[in-house]
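The values are calculated or read from the model by the stated rules, or taken from the named source; none is laboratory data. Predicted, not measured: the structure shown is a model, and the values here were computed from it. Cβ coordinates were reconstructed from backbone atoms using ideal geometry, including for glycine residues, and neighbour counts include every protein chain displayed. For the accessible areas, the whole protein counts, side chains as well, though only heavy atoms, and no ligand, DNA or RNA atoms are used. Shrake-Rupley method; radii C 1.70, N 1.55, O 1.52, S 1.80 Å.
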Amino acid sequence: MSVRLIVRTFSELCVTVGALIILFVVYLLFWTGVKAAGATEGQIDALENQWARGTVSAPATESPTADAPATESPAPTPEAYRDGKPFAVLYIPRFGKNWEWPVLENTEVKTLQKGLGHYRGTARAGATGNFAVAGHRRTYGDPFKDFPELRPGDAVLVTDGTTWFTYRIDRKPYRTVPSDTGVIDPVPRKSGFDGPGRYLTLTTCDPEWGSSHRLIAWAHLDATQPVTEGRPAALHS
């Protein structure tokens, strides 16, 4: 084989590999975002249609206290979140006034391509325990691209169609490894919380284009209000 043929073959191979790399980057940066935009809009539309029909289950409530009247009937048990289906919309004003993402039940790959995912077995939105939610840092709309910018006091708002839940971030994001599952415990380890409460945990990958670690943000429930009273002030600040 001549040197000229070897060089030409190598050059063609380099061009082919380069084209494939460019196509892959375009897929990651552009096409997954296009797919995510359509998917998330569809999930939010489905939720809003459900809420408009009045088919939302009752919000989570606390157990009656010892001081409650003996004749008071126990609150109905809320309907379980449906696997792979949206049940809430989450807003983080720090990430922009138009930032809104649906929250679906489970954290499987196909679910996180449509929005944010609620960790199975963690608390319901607004309930005692830890309402834990995962999202992509990059690809599929980059929902948590700006995750490191979260600061103490930032609002994270969740609505389930009946109630607005306003959580407040307690500390700057914490970096850990994927095997550190204690970060989504009912009282998350290393969060600084020292007892039962109504908590929120957000998780995403780190570094920005990798997944060797996780970034964690913890928040506590600061306020609730019925959706009939309008949007919370934190969305307008």
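Considering only segment 173-228, how many residues are in a loop (DSSP other than H, G, I, E, B), open to solvent by 40 Å² or more (accessible area, probe 1.4 Å), within 24 Å of residue 143 (Cα to Cα) and not β-branched (Val, Ile, Thr)?
Counting residues in segment 173-228 that are in a loop (DSSP other than H, G, I, E, B), open to solvent by 40 Å² or more (accessible area, probe 1.4 Å), within 24 Å of residue 143 (Cα to Cα) and not β-branched (Val, Ile, Thr) gives 8.
Collect the residues in segment 139-167 that are over 15 Å from the mean Cα position of the chain (by Cα) and either more than 11 Å from residue 202 (Cβ to Cβ) or surrounded by 22 or more Cβ atoms within 10 Å (Cβ to Cβ) (or both), keeping them in residue-number order. Walk me through it before giving the result.
Residues of segment 139-167 that are over 15 Å from the mean Cα position of the chain (by Cα), as a first pass: 149, 151-154, 161-164.
Those that are over 15 Å from the mean Cα position of the chain (by Cα) and either more than 11 Å from residue 202 (Cβ to Cβ) or surrounded by 22 or more Cβ atoms within 10 Å (Cβ to Cβ) (or both): 149, 151, 152, 153, 161, 162, 163, 164.
Any residue at all in segment 173-187 that's touching a strand residue (DSSP E or B) at 6+ places or on another chain (Cβ under 6 Å), among the charged types (D, E, K, R) and at pLDDT 95 or above?
Among the residues of segment 173-187, at least one is touching a strand residue (DSSP E or B) at 6+ places or on another chain (Cβ under 6 Å), among the charged types (D, E, K, R) and at pLDDT 95 or above, which makes the answer yes.
Can you report the number of residues in segment 116-134 which are of a type outside the set (A, V, I, L, M, F, W, C) and more than 20 Å from residue 178 (Cα to Cα)?
So in segment 116-134, the residues of a type outside the set (A, V, I, L, M, F, W, C) come out as 117-122, 124, 126, 128-130.
From what's left, more than 20 Å from residue 178 (Cα to Cα): 124, 126, 128-129.
Count: 4.
Could you grab me the full set of residues in segment 90-120 that are open to solvent by 50 Å² or more (accessible area, probe 1.4 Å) and either assigned to a loop (DSSP other than H, G, I, E, B) or touching a residue at least 60 places away in the same chain (Cβ under 8 Å) (or both)? Before you say what the answer is, go through the steps one by one.
We begin by selecting, within segment 90-120, every residue open to solvent by 50 Å² or more (accessible area, probe 1.4 Å); these are 94, 97-98, 100, 107-110, 113-114, 119-120.
Listed by number, the residues that qualify are 94, 97, 98, 107, 108, 113, 114, 119, 120.
Using the structure shown, decide if residue 79 is open to solvent by 70 Å² or more (accessible area, probe 1.4 Å) and either among the β-branched types (Val, Ile, Thr) or under 22 Å from residue 225 (Cα atoms) (or both). Full working, then the answer.
Working: open to solvent by 70 Å² or more (accessible area, probe 1.4 Å): yes; either among the β-branched types (Val, Ile, Thr) or under 22 Å from residue 225 (Cα atoms) (or both): yes.
When the stated conditions are applied, residue 79 passes them.
Any residue at all in segment 121-138 that is within 20 Å of the chain's Cα centre (by Cα), modelled with pLDDT under 95 and open to solvent by less than 50 Å² (accessible area, probe 1.4 Å)?
At the first step, the residues of segment 121-138 found to be within 20 Å of the chain's Cα centre (by Cα) are 121-138.
Applying the additional criterion that residues be modelled with pLDDT under 95 yields 138.
Next, from what is left, pick out any that are open to solvent by less than 50 Å² (accessible area, probe 1.4 Å): none.
Checked against the condition, which is being within 20 Å of the chain's Cα centre (by Cα), modelled with pLDDT under 95 and open to solvent by less than 50 Å² (accessible area, probe 1.4 Å), segment 121-138 yields no hits at all.
Starting from segment 139-151, keep only residues that are within 21 Å of residue 174 (Cβ to Cβ), then list their pairs with residues that are assigned to a helix (DSSP H, G or I) and open to solvent by 50 Å² or more (accessible area, probe 1.4 Å) whose Cβ atoms are within a distance under 7 Å, requiring at least 6 positions of separation or different chains.
Close Cβ pairs (under 7 Å, with a partner that is assigned to a helix (DSSP H, G or I) and open to solvent by 50 Å² or more (accessible area, probe 1.4 Å)) amount to 149/94; 150/94.
Which numbered condition in (1) part of a helix (DSSP H, G or I); (2) within 13 Å of residue 104 (Cα to Cα) is the only one that residue 131 fails?
The single condition residue 131 does not satisfy is (1).
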